[in-house]
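*Asks:* Sharing a structure, written as structure tokens. Questions coming.
The values are calculated or read from the model by the stated rules, or taken from the named source; none is laboratory data. Since we're looking at a predicted model, the values are computed, not measured. Glycine gets a Cβ as well: all are built from the backbone with ideal geometry, and neighbour counts include every protein chain shown.
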């Protein structure tokens, strides 16, 4: 039996409602909402992908939005099997170009990448670059929470 994240519905609905309140320049018309995929180990441990669950409940809140699972971690990106939060800034930047495989369905689409938490932004940046290379018209990000930026001490 797979576990279900009890906060997915209210958090996803809040994410969709916040998206609707965004001012210009936000995409007008149809958008493809693409959750950042969970790493296999995290998916196996939890039984669900937080980003996919958020997207599942955000999409009904947004007119002309469609959910699709158009991203996969590249098998060759073995270093990405560790969670981003445990990787250094240099490690994240190094593999950014090879992180994701993208479905052709993003070609010409306005893509909204969905993630639960943004720490440094490298995962979203890598996914956005992959979508752009696959021909997306534009790429946006929607995250539920962001880790506060820490200023260097000294």
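*Asks:* Which of the following residues is in contact with a helix residue (DSSP H, G or I) (Cβ under 9 Å, 6 or more places away or on another chain) and modelled with pLDDT of 90 or more: 39, 72, 9, 21?
*Replies:* Just a single option satisfies the conditions, and that option is 9.
*Asks:* If I ask for residues that are buried (at least 20 other Cβ atoms within 10 Å of the Cβ) and more than 24 Å from residue 107 (Cα to Cα), which ones from segment 9-48 would you list?
*Replies:* Those that are buried (at least 20 other Cβ atoms within 10 Å of the Cβ) and more than 24 Å from residue 107 (Cα to Cα): 12, 15.
*Asks:* Among helices (runs of 4 or more DSSP H) lying entirely in segment 1-69, which contain 2 or more residues that are within 21 Å of residue 139 (Cα to Cα)?
*Replies:* The helices (runs of 4 or more DSSP H) meeting that bar are 8-21, 50-58.
*Asks:* While we're on this one: Would you confirm whether or not segment 80-93 contains a residue that is surrounded by 15 or more Cβ atoms within 10 Å (Cβ to Cβ) and modelled with pLDDT of 80 or more?
*Replies:* Looking for residues that are surrounded by 15 or more Cβ atoms within 10 Å (Cβ to Cβ) and modelled with pLDDT of 80 or more, one finds none in segment 80-93, hence no.
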